[in-house]
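Structure first, then comments.
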Amino acid sequence: MIEKGTYRLKKGLAEMLKGGVIMDVVSAEQAKIAEEAGAVAVMALERVPADIRAAGGVARMADPKIIKEIMKAVSIPVMAKVRIGHFVEAQVLEALGVDYIDESEVLTPADEKYHINKHNFKVPFVCGARNLGEALRRIGEGAAMIRTKGEPGTGNIVEAVRHMRQVMDEIRKLKNMPKEELMSMAKELGAPFELLQEVAKNGRLPVVNFAAGGIATPADAALMMQLGADGIFVGSGIFKSKDPVKRARAIVEATTHYNNPEIIAKVSEGLGEAMKGIEISKIEAAARMQDRGW
Amino acid sequence: MKVGVLSLQGAVEEHLNMVRKCGFEGIKVKTPGDLEKVERLIIPGGESTTIGKLAKIYGLDKAIIKRGQEGMPIFGTCAGMILLAREIQDSNQIRFGLIDILVERNAFGRQVDSFEADLEIKVLTGEPFRAVFIRAPYIKKTGSKVKILAKLDSKIVMAQQDNILVSAFHPELTDDLRIHKYFLSENY
């Protein structure tokens, strides 16, 4: 019997991306540069997060024309973003045949209460999370891959570090927790009990967990990998830097050899200026993308 | 026996788990030095273009080709199969060229076309193998020395040439150890 769209297939593609770098691109030309640099997938967008932040207004799913051009240009998987809760944008992306959908806080949320029921789709979803409860709620809704939210478009790693540490810390606590305490923990975290039990038993999330939101240098990528990330998303960090080709290659290499400081040192040399970046405390509360999602 | 899993990118842990379940020591291979420590090698699924580039930077591609030519057993799944192939349709990407096959990448379509299917595999006994195909390639042509081990309709999805074994699907995403056991058996 032949089956399509199973959870194993959805999770499976994310597993194939492990140890790799997924890069934000806004054109077929950038997508080719990313592929050439060794990206495992690209995220097709109209604007990178730093430009979304600068432009203001409502950020939506990219024009299907751009997404189709990018899909045509590269042989690696193509992801694209939809607004939180906007299941019709997701239907459109599924119809276009994109390989992964990011229900993303980078875009302006379409629903202030509910996320998409991701079980309804054949195409797999990745979602952002700041903590274990949020990660397990998204997985409960059908997400087949998780990433930290970080603070997108800032080139500042501090929030991604916070979110990865938070998730890992909660997993470690769960592992050592007596069974009778799990239900109260589920209540406290707002996490589905069955998934919480699974995490307690296996000592890891049931799906792949990437780092995203603020990664700008090879050392940033290696830091996230050493903290336990399965792989890396780089949004604005590459194409907002001085030499995108060189930086993209360096981040790919540092992600693979994250435990080898000599290699990280070598690839970090002479990369030119990184994206300028923003101090998190300078962002007003309403502009913090990580607080979007429920 | 020490079994290496090429650990540049991709589903490395899944293969290491299978190796351990088969009762062998699994080792991550990232450098030519790591490769010297192992007696067999598995090349996992992942992105073949990425893995190929990373292999080349530190000369791991040449080391793998040399060991493969010397007869070390190598098993490639999905991207691993592409990297082991001699010819890749419409692509000049880096490959090791250790098995005389022509492969086509993403040959069944994109992720929405990924599928699971029951497969009859020549070297296995018992029930069909539940095969997981993710943006999978298939083999369009084989050289005279290549044994075809499994087909899906008319498409070749598993093959072997002497020490080199390839599958278009991912046995490491199932609990079925039979293919790994076959590859890791004493008389493979």
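Could you give every pair whose Cβ atoms fall below 7 Å, whose first residue belongs to segment A:117-129 and is without any contact (Cβ under 8 Å) to a residue 24 or more places away in the chain, and whose second residue is open to solvent by 20 Å² or more (accessible area, probe 1.4 Å) and in a loop (DSSP other than H, G, I, E, B), counting only separations of at least 6 or pairs across chains?
Taking only residues 6 or more apart or on different chains, not a single pair turns up.
Only one of A:ARG53, A:ARG47 is within 17 Å of the chain's Cα centre (by Cα), at pLDDT below 95 and among the charged types (D, E, K, R); which? Let's see the steps before the verdict.
Numbers: A:ARG53 fails: within 17 Å of the chain's Cα centre (by Cα).
Result of the check over A:ARG53, A:ARG47: A:ARG47.
Which pairs do you get when a residue that is of a type in the set (A, V, I, L, M, F, W, C), found in segment A:183-194, comes within reach of a residue that is loosely packed, with under 13 Cβ neighbours inside 10 Å, reach meaning Cβ atoms under 7 angstrom, with the pair 6+ apart or on two chains?
A:PHE193/A:MET183
Is it the case that B:LYS53 is of a type in the set (D, E, K, R) and farther than 18 Å from A:PRO77 by Cβ?
Considered against the rule, which asks whether it is of a type in the set (D, E, K, R) and farther than 18 Å from A:PRO77 by Cβ, B:LYS53 comes out as no.
Identify, by number, the condition in (1) more than 17 Å from the chain's Cα centre (by Cα); (2) open to solvent by 20 Å² or more (accessible area, probe 1.4 Å) that A:LEU9 doesn't meet.
(2)
Would it be correct to say that A:GLY38 is within 14 Å of chain B (Cβ to nearest Cβ), under 27 Å from A:ALA254 (Cα atoms) and free of Cβ contacts under 8 Å to residues at least 12 places away in the same chain?
no
Just to verify a result, which residue in segment A:116-130, among those that are open to solvent by 20 Å² or more (accessible area, probe 1.4 Å) and assigned to a loop (DSSP other than H, G, I, E, B), is farthest from B:SER114 (Cα to Cα)?
Restricting attention to segment A:116-130, the residues satisfying the condition of being open to solvent by 20 Å² or more (accessible area, probe 1.4 Å) are A:117, A:119-120, A:122, A:130.
So of that shortlist, the ones also assigned to a loop (DSSP other than H, G, I, E, B) come out as A:117, A:122, A:130.
On the way: A:ASN117: 21, A:LYS122: 10, A:ARG130: 30 Å.
That would be A:ARG130.
Look at segment B:56-90 and say how many of its residues are within 12 Å of chain A (Cβ to nearest Cβ), of a type outside the set (A, V, I, L, M, F, W, C) and buried (at least 17 other Cβ atoms within 10 Å of the Cβ).
Number of matching residues: 3.
Enumerate the pairs (first residue in segment B:115-138 and at the interface with chain A (Cβ under 9 Å from one of its Cβ atoms) and free of Cβ contacts under 8 Å to residues at least 24 places away in the same chain; second residue anywhere and in a loop (DSSP other than H, G, I, E, B) and open to solvent by 50 Å² or more (accessible area, probe 1.4 Å)) with beta-carbon separation below 8 Å, excluding pairs fewer than 6 apart on the same chain, so at least 6 apart or on different chains.
Every condition considered, the pairs that remain are B:PHE115/A:ILE2; B:GLU116/A:ILE2; B:ASP118/A:MET1; B:ASP118/B:PRO128.
The values are calculated or read from the model by the stated rules, or taken from the named source; none is laboratory data. Note that the coordinates shown come from a computational prediction; the quantities given were computed from them, not determined experimentally. Counting neighbours? That spans all protein chains shown, and the Cβs are built from the backbone with ideal geometry, glycine included. In case anyone asks, the SASA skips ligands and DNA or RNA and just uses the protein heavy atoms, side chains included. Shrake-Rupley method; radii C 1.70, N 1.55, O 1.52, S 1.80 Å.
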